[in-house]
1. Out of all the residues in region 1-34, which are under 19 Å from I66 (Cα atoms) and among the polar types (S, T, N, Q)?
2. Which residue pairs have Cβ atoms under 6 Å apart, sit 6 or more places apart or on different chains, and have a first residue in region 47-66 that is under 18 Å from C4 (Cα atoms) and a second that is in a loop (DSSP other than H, G, I, E, B) and among the aliphatic types (A, V, I, L, M)?
3. Show the residue pairs that are 6+ apart or on different chains and have beta-carbon atoms under 7 Å apart, the first residue being within region 14-31 and under 24 Å from V60 (Cα atoms), the second being hydrophobic (A, V, I, L, M, F, W, C) and open to solvent by 60 Å² or more (accessible area, probe 1.4 Å).
Amino acid sequence: VIKCISRTELQMFLDCAPAYFEYLSKAFFHGLPTVLCKIVGVYQIGYHNRVTGKRSMEQVAVMQNIFYNKKITKTFDLKGSLRGRFAAQIKSSYEDHDTSFTSSAGDGQRKRVSES
């Protein structure tokens, strides 16, 4: 998965990278589970439009796709606001849908995650 990140996010990652990679290497070599996203690279890409003369820079993070070869039965997204946000039935597990604070129980019923 390739994700565009801001310069601030890039700098924050670079500041935390030594501790992040130390933690992940310990988890890997000791066979410990982790829920941290596995970032395999962070890059800065520059390009130049020869017609307009405009130069641009983008920062990207390359991450493991945790959904590869998995059957998704429930979707949760615990960020954002509760206001007017409900989960929709999704057909593809590879699309980016924001289903803030909701869960699809698999039986067509939708409920807020905070409900019992």
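1. S25, T34
2. As it stands, the answer is M63/V1; N65/V1, since those pairs meet every condition given.
3. L24/L36
The values are calculated or read from the model by the stated rules, or taken from the named source; none is laboratory data. Worth saying up front: this structure is predicted, and the values here are computed from it rather than measured. Backbone-built Cβ (ideal geometry, glycine too); neighbour counts: all protein chains shown. These accessible areas exclude ligands, DNA and RNA; they are computed on the full protein's heavy atoms, side chains included. Shrake-Rupley method; radii C 1.70, N 1.55, O 1.52, S 1.80 Å.
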